[in-house]
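Student: This is the structure I want to talk about, given as structure tokens.
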Amino acid sequence: MMFSERINRLSGSLIREILSLTQRPGVISFAGGLPAADVMPAFDFSQLPDSLRQYGPSEGESILREKIAAHAQQLGIQATADQVLILSGSQQALDLTAKLFIDPGTPILVEAPTYLAALQNFRLFGAEMHELALQPSGIDPAELAAKAKCHRPAFCYLIPTFQNPSGYCYDAATRQAVARTLDELALPLIEDEPYRELAYDKAERRPLCADLHTAPFIYCGSFSKTATPGLRVGYLVASPTLMPNLIKLKQAADLHTNRIGQWLLANWLDSPAYQEHILKTRAYYRQQRDIMLTALANHCGELATWDTPPGGLFIWARLNQQIDTRRLLQATMAQNVAFMPGEPFFATPVDAAGCIRLNFSHATADAVEQGIAIIKDALQQAFVNQKNCT
């Protein structure tokens, strides 16, 4: 059969493959960013309007778009409901963005490391990805300017708040400098913020888009981490000049997002239960984070370093030796413990990233203690093997 040329660039999702393995009984998983079932809201489906059985608008239900626009304005993003597009999960924003901007060979800028599924999507469409080194305070605006002038990218993709996989959160000075640089370059920004409501410590969370004056933007948001991922409802807020093409791309993709999920969320966002749920979720995940940090300190303090993430769902552990963490995963999976190796999170292939991503959202305290102890043993053996090979 004759497939499109892009199929040659199609790669599977390592995280989805690992998650399929974690369905085995007895597996302790620190791999996927799965929300905890204990904090998912219980929605009432009994009052669903009959009208929801019919097709709906491609842009999304007007009531939900208006509420998202109001929320964006509270964050400092000057946008109206006409700039909101409801999506089948915020992942769809990346697909629409790629279709809008990327041809084979199109240069773009991404963080290093960055979201695995974004790399998978951009690579499928043939993007030429150039990396921006990521530190706990964010990217370097000077490097952004230099690489933008050198490569003339179509856009810059950033996750400034509780970044995946690192958990880093750009500080205020970096956010302002990055926004100024994007404006000076007139460089479109794709800002991905699925974790912004999962804040456990004080951190700057003002969107970069809120400080843009001339650069076009697409701001991506999700309800999967704060509500129920099974609803598959996300959204984007975009510059007016980008909206007509984004709406047409959405129409061509799936007509519209599921109306039942939109209706449920539109009613829930205005209810007292929503803020109570956010506070409960933050408290739960803060406790989960601290349990894992304690286990890491007890077992891995001499094997790796890490920063305390002020929000999100992940801890990014930097190992004391540059080993191939995909092989480390094989060793721990043999003992029913899963995590995400660091290598796939980089646009430029690396043989040994020496970093691993640990999710802390849903494993029990006993499972965390047991799983981190197994990772410690595997790390010690990997370091011995590395030494013997050199």
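Student: For Tyr195, which of the numbered conditions (1) at pLDDT 95 or above; (2) in a loop (DSSP other than H, G, I, E, B); (3) closer than 25 Å to Glu61 by Cβ; (4) open to solvent by 30 Å² or more (accessible area, probe 1.4 Å) fails to hold?
Tutor: Status for Tyr195: all satisfied but (4).
Student: Hey, any hits in the range 20-32 for a residue that's aliphatic (A, V, I, L, M) and under 29 Å from Ile247 (Cβ atoms)? Write out each step before concluding.
Tutor: Step one: of the range 20-32, the residues aliphatic (A, V, I, L, M) are 21, 27-28, 31.
Next, from what is left, pick out any that are under 29 Å from Ile247 (Cβ atoms): none.
Scanning the range 20-32 turns up no residue that is aliphatic (A, V, I, L, M) and under 29 Å from Ile247 (Cβ atoms).
Student: If you don't mind, there's one more thing I want to ask. In the range 1-25, which residues are touching a Gly at 6+ places or on another chain (Cβ under 9 Å), assigned to a helix (DSSP H, G or I), open to solvent by less than 100 Å² (accessible area, probe 1.4 Å) and modelled with pLDDT under 80?
Tutor: Of everything in the range 1-25, those that are touching a Gly at 6+ places or on another chain (Cβ under 9 Å), assigned to a helix (DSSP H, G or I), open to solvent by less than 100 Å² (accessible area, probe 1.4 Å) and modelled with pLDDT under 80 turn out to be Ile15, Ile18, Leu19.
Student: What single numbered condition from (1) buried (at least 18 other Cβ atoms within 10 Å of the Cβ); (2) in contact with a Ser or Thr (Cβ under 9 Å, 6 or more places away or on another chain); (3) closer than 30 Å to Pro272 by Cβ fails to hold for Ile28?
Tutor: Every listed condition holds for Ile28 apart from (3).
Student: What are the pairs, 6+ residues apart or on separate chains, where a residue within the range 167-191 that is surrounded by 20 or more Cβ atoms within 10 Å (Cβ to Cβ) has its Cβ under 6 Å from a residue that is of a type in the set (Asp, Glu)?
Tutor: From residues that are surrounded by 20 or more Cβ atoms within 10 Å (Cβ to Cβ), the pairs are Ala179/Asp211.
Here is a yes/no grid of residues against (1) under 28 Å from Leu158 (Cβ atoms); (2) within 22 Å of the chain's Cα centre (by Cα):
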residue	(1), (2)
Ala304	yes, no
Arg326	yes, yes
Asp351	yes, no
Ala363	no, yes
Leu379	no, no
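Student: Just one of (1) part of a strand (DSSP E or B); (2) without any contact (Cβ under 8 Å) to a residue 40 or more places away in the chain trips up Ile315, so point out which.
Tutor: (2)
Student: Something else: Among the residues of the range 330-364, how many are within 20 Å of Ser166 (Cβ to Cβ), in a helix (DSSP H, G or I) and open to solvent by less than 20 Å² (accessible area, probe 1.4 Å)?
Tutor: Total meeting the criteria: 2.
Student: Please state which one of Ala367, Ala373 is under 16 Å from Ala331 (Cβ atoms) and outside any strand (DSSP E or B). Even if it seems obvious, please write down each step before you answer.
Tutor: Details: Ala367 fails: under 16 Å from Ala331 (Cβ atoms).
Of the residues listed, the single one that is under 16 Å from Ala331 (Cβ atoms) and outside any strand (DSSP E or B) is Ala373.
Student: Now for a different question. Does Gly234 satisfy the condition of being surrounded by fewer than 20 Cβ atoms within 10 Å (Cβ to Cβ), small (Gly, Ala, Ser), closer than 21 Å to Gly261 by Cα and under 17 Å from the mean Cα position of the chain (by Cα)?
Tutor: Details: surrounded by fewer than 20 Cβ atoms within 10 Å (Cβ to Cβ): no; small (Gly, Ala, Ser): yes; closer than 21 Å to Gly261 by Cα: yes; under 17 Å from the mean Cα position of the chain (by Cα): yes.
Against the criterion (surrounded by fewer than 20 Cβ atoms within 10 Å (Cβ to Cβ), small (Gly, Ala, Ser), closer than 21 Å to Gly261 by Cα and under 17 Å from the mean Cα position of the chain (by Cα)), Gly234 does not qualify.
Student: Going residue by residue through the range 204-217, is there one that turns out to be out of contact with any helix residue (DSSP H, G or I) (no Cβ under 7 Å at 6 or more places or on another chain), among the acidic types (Asp, Glu), over 16 Å from Leu242 (Cβ atoms) and open to solvent by 40 Å² or more (accessible area, probe 1.4 Å)? Write out each step before concluding.
Tutor: Taking the range 204-217 as the starting set, the residues that turn out to be out of contact with any helix residue (DSSP H, G or I) (no Cβ under 7 Å at 6 or more places or on another chain) are 205, 207, 209-210, 216.
From what is left, the residues that are among the acidic types (Asp, Glu) are none.
No - not one qualifying residue is present in the range 204-217.
Student: Then there is this: Just checking, how many residues over the range 99-129 are more than 14 Å from Glu5 (Cβ to Cβ) and charged (D, E, K, R)?
Tutor: Of the residues in that region, 3 qualify.
Student: Checking the conditions here, which among Asn359, Asn336 is touching a Gly at 6+ places or on another chain (Cβ under 7 Å), among the polar types (S, T, N, Q) and at positive phi?
Tutor: On the way: Asn359 fails: at positive phi.
Result: Asn336 is the single residue among Asn359, Asn336 that is touching a Gly at 6+ places or on another chain (Cβ under 7 Å), among the polar types (S, T, N, Q) and at positive phi.
Student: I need the full set of residues from the range 250-293 which are in contact with a Pro (Cβ under 7 Å, 6 or more places away or on another chain) and either free of Cβ contacts under 8 Å to residues at least 12 places away in the same chain or part of a loop (DSSP other than H, G, I, E, B) (or both), in order please.
Tutor: Correct list: His256 only.
Student: For the structure I just gave you, tell me whether Ala252 is open to solvent by 60 Å² or more (accessible area, probe 1.4 Å) and hydrophobic (A, V, I, L, M, F, W, C). Walk me through it before giving the result.
Tutor: Numbers: open to solvent by 60 Å² or more (accessible area, probe 1.4 Å): yes; hydrophobic (A, V, I, L, M, F, W, C): yes.
When the stated conditions are applied, Ala252 passes them.
The values are calculated or read from the model by the stated rules, or taken from the named source; none is laboratory data. Because the structure is predicted, anything quoted here is derived from the model rather than measured. Positions of Cβ are backbone-derived with ideal geometry, glycine not excepted, and every protein chain shown enters the neighbour counts. SASA here: full protein model, heavy atoms, side chains in, ligands and nucleic acids out. Shrake-Rupley method; radii C 1.70, N 1.55, O 1.52, S 1.80 Å.
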